[in-house]
Each structure stands twice: as structure tokens, then as C-alpha cells.
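Okay, so here's the structure we're looking at.
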Amino acid sequence: MQQRSLGSTGLRVSRLGLGTMTWGRDTDEHEARDQLIAFAEAGGTLLDTAAGYTDGDSERLIGSFLGDVVARDEVVLATKAGISRRTGERVTDTSRGHLLTTLDASLRRLGVDHVDLWQVHVWSDRAPIEETLSALDLAVTSGRASYVGISNYTGWQTAQAATWQRAVPGRVPIASTQVEYSLLNRQVEHEVLPAAAALGLGVLPWSPLGRGVLTGKYRGGTPSDSRGASPVFSGFVGAYLDDASSRVVEAVARAADGLGWSPLEVALVWVRDRPGVTAPVVGARTAQQLRGSLDLDDKQLPPELVQALDDVSGGL
């Protein structure tokens with residue numbers, strides 16, 4: 001798998017990232033292990049998790065695999081802080097104290113002394129941006145993180161954060177932004193991607209398959225074993241089961257038929273090759289599902305199909 005620089009930094013990551021949001025809940029230990037083995041064998045290095053994923057179980061699983069399934073220095077280990085469910089409901093806290101305490105807990109679960117990329121999971125108005133960003137500086141200067149990033153920031157938030165870090169010598173520049181981006185959600189093209197390009201940030205799209213809808217699995221209804229049928233994810237997936245999304249899904253299916261590809265391959269290659277994108281982060285419930293995403297390095301969409309997909313999805 002091809003390696004790319006993360007934004008304007010020297011950090012090299014694989015062209016595809018492995019997301020682990022369901023590890024420890026929908027994806028059990030055996031499936032997670034098989035996924036990591038398949039990903040590593042395909043040349044993948046970017047392993048993305050978060051403190052808030054399955055109440056820390058995702059990080060615990062990864063920690064149990066390091067040194068066993070893969071060597072620590074063979075992966076680019078990325079995690080996030082700022083979202084938790086410690087009260088049973090989603091809580092956002094981007095204060096310096098909470099972020100650094102969360103990072104320390106992540107390091108313990110992962111069984112490492114530092115992560116390669118530490119990201120603020122979400123913007124919050126409850127903490128001053130300068131306080132949030134000071135946690136990123138401390139994470140790097142204390143050796144707990146090598147690079148830092150942001151996630152789910154709007155265009156102006158991205159520009160403000162990145163500019164703040166560049167304003168004074170000694171602050172740690174932001175390496176990347178992780179945002180939702182797919183043929184079913186192109187909102188980041190208006191402001192986030194231009195801001196990232198102007199300020200040298202790598203872009204890590206999450207849900208590049210439109211929350212699974214672009215694979216075509218929901219064309220005939222909701223499969224009983226899919227995320228769309230899960231009480232946890234039904235609303236998340238259901239947001240893209242409308243008429244506008246269906247038109248895009250059908251266009252992707254037609255393109256796949258014409259190329260002899262799967263719809264997944266069409267949708268993933270489209271977002272992978274968008275300007276500014278470093279590496280889409282792909283999650284899967286099973287290793288078998290993941291393997292369909294791993295052999296894409298030699299695939300490239302013809303320009304006329306890219307244009308057709310741009311046209312049909314342009315309003316999303």
C-alpha cells in the first residue's frame with residue numbers, strides 16, 4: 001500500500017487508514033485481530049481509534065495486539081480525546097485538564113508511552129480554543145504524542161486553530177483534520193478542504209463509504225446484520241437512506257457495473273483521490289468486509305466517471 005505524507009509534516013501514513021470505532025462491541029477480539037492482520041499484510045500502517053470508542057475497549061484491544069499481531073513501530077497509532085460517555089450519555093469536554101487526563105488513560109490502555117497522532121475529537125465552545133490547543137502543545141513537549149490533529153472542525157474553526165498554532169514560535173503545528181467526507185456528504189469541500197490546503201493539514205476522511213450506504217447493501221432494504229439494523233447505529237445510517245442519497249448510490253452501482261468493480265471500490269477510490277485527501281479511514285465489522293477495501297492501490301477512476309459522480313452528488 002502506498003505511503004503518503006500527512007499534510008506538510010514528515011509523518012508517513014498508509015493511503016488507507018483502519019478505523020476501530022466498533023472494536024470491542026460489534027467487532028469482537030477475534031474479528032479485530034483478523035482485521036489488523038489483513039490490514040498489516042496489505043501494507044497498511046495508519047491505525048485510528050479514540051478514547052470514546054466503546055468506552056475505551058477499542059484502545060484496550062489494540063493494546064493487546066501490539067507486539068503480538070504487529071510490532072509497535074510498524075503502525076502509526078492515532079487516537080482522540082474530547083468525547084466520552086462517562087455519564088451514560090455523550091459528553092464533550094475539551095478543557096486542558098480533561099484532554100491530558102484522557103490521553104494518559106489512552107496510553108495506559110494502549111500499553112505505549114506515546115501515540116504518533118493525537119487528535120481533539122470535536123470542537124467545544126465550553127473551553128477556550130487557546131486552552132484546548134495548549135493541551136496539544138503539552139502532549140508533544142512531554143513526549144506523549146509525536147504529532148497532533150483536530151477532528152470534526154468547521155472551516156473557520158480549522159483555520160483559527162491552525163493559525164493560532166502557527167502564530168507564535170514554539171507552538172506545535174496541527175498536522176491533520178479528520179472529517180466526514182464521501183459522495184453522500186461533500187460539505188467539507190466548501191470551507192474545510194480549502195482551509196486545510198492553505199494551512200498544510202492532511203485530511204483523513206471518516207465514513208468514506210457514506211456510513212456503509214455506498215456499498216449498495218441497503219438498496220433492497222435494511223439487512224438484519226447491518227449497522228442500519230442496530231439500535232446504536234440505525235439513526236446514523238438512516239440519515240443517508242433518503243431519495244437524494246439513493247440517486248448517488250444507483251450512480252455508483254452503474255459505474256461499478258461498467259468497470260467490473262464493486263460499489264465499495266468506486267466510492268472509496270473517489271474519495272481517496274480527492275484533492276487534499278491523505279487517507280480515508282475505513283471501518284468494517286468483519287475482516288471479510290475489510291478485505292474488499294485493501295486491494296485498491298492500482299485502481300483509478302476514469303475522468304468521465306469522476307465527473308459523472310461529481311455531478312450527481314454535487315448538492316450533498
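The values are calculated or read from the model by the stated rules, or taken from the named source; none is laboratory data. Model, not experiment: these values are computed from the prediction. Positions of Cβ are backbone-derived with ideal geometry, glycine not excepted, and every protein chain shown enters the neighbour counts.
Among the residues of the stretch 261-269, at least one is modelled with pLDDT of 90 or more, of a type in the set (F, W, Y) and either closer than 20 Å to Q3 by Cα or surrounded by 16 or more Cβ atoms within 10 Å (Cβ to Cβ) (or both). Here V122 passes the criteria (1) over 19 Å from D93 (Cβ atoms); (2) surrounded by fewer than 22 Cβ atoms within 10 Å (Cβ to Cβ); (3) within 20 Å of the chain's Cα centre (by Cα); (4) not aromatic (F, W, Y) except the one numbered (1).
Against the conditions (1) small (G, A, S); (2) buried (at least 19 other Cβ atoms within 10 Å of the Cβ); (3) not in a strand (DSSP E or B), A78 satisfies every one except (3).
The residues on offer are A71, A38, A81, and the sole one that is farther than 19 Å from V148 by Cβ and in contact with a Leu (Cβ under 9 Å, 6 or more places away or on another chain) is A38. Criterion applied to L241, L301, L296 was being touching a helix residue (DSSP H, G or I) at 6+ places or on another chain (Cβ under 9 Å) and under 20 Å from D48 (Cβ atoms), and the one residue passing it is L296. Residue by residue through the stretch 65-75, note down the ones that are part of a helix (DSSP H, G or I) and farther than 17 Å from L107 by Cβ. The answer is E74, and nothing else. Within this structure, A105 fails the test of being farther than 24 Å from G143 by Cα, aliphatic (A, V, I, L, M) and free of Cβ contacts under 8 Å to residues at least 60 places away in the same chain.
Only residues that are farther than 18 Å from D125 by Cβ, within 19 Å of the chain's Cα centre (by Cα) and not hydrophobic (A, V, I, L, M, F, W, C) were counted across the stretch 78-101, and they come to 2. For the stretch 83-98, state whether one or more residues are part of a strand (DSSP E or B) and either in contact (Cβ under 8 Å) with a residue 60 or more places away in the chain or under 30 Å from P194 (Cβ atoms) (or both). Yes; the residues of the stretch 83-98 include at least one that is part of a strand (DSSP E or B) and either in contact (Cβ under 8 Å) with a residue 60 or more places away in the chain or under 30 Å from P194 (Cβ atoms) (or both). Any residue at all in the stretch 83-98 that's of a type outside the set (V, I, T) and closer than 24 Å to A279 by Cβ? Checked against the condition, which is being of a type outside the set (V, I, T) and closer than 24 Å to A279 by Cβ, the stretch 83-98 yields no hits at all. Taking the options S146, S176, S207, S182, name whichever one is under 20 Å from the mean Cα position of the chain (by Cα) and farther than 30 Å from G238 by Cα. When all the criteria are applied, what remains is S146.
Checking each residue in the stretch 239-262 for being among the hydroxyl-bearing types (S, T, Y) and assigned to a helix (DSSP H, G or I) picks out S245, S246. T54 passes every criterion in (1) at negative phi; (2) crowded, with 19+ Cβ neighbours inside 10 Å; (3) at pLDDT below 95 apart from (1). Against the criterion of being free of Cβ contacts under 8 Å to residues at least 12 places away in the same chain and either within 21 Å of the chain's Cα centre (by Cα) or surrounded by fewer than 17 Cβ atoms within 10 Å (Cβ to Cβ) (or both), A162 does not qualify.
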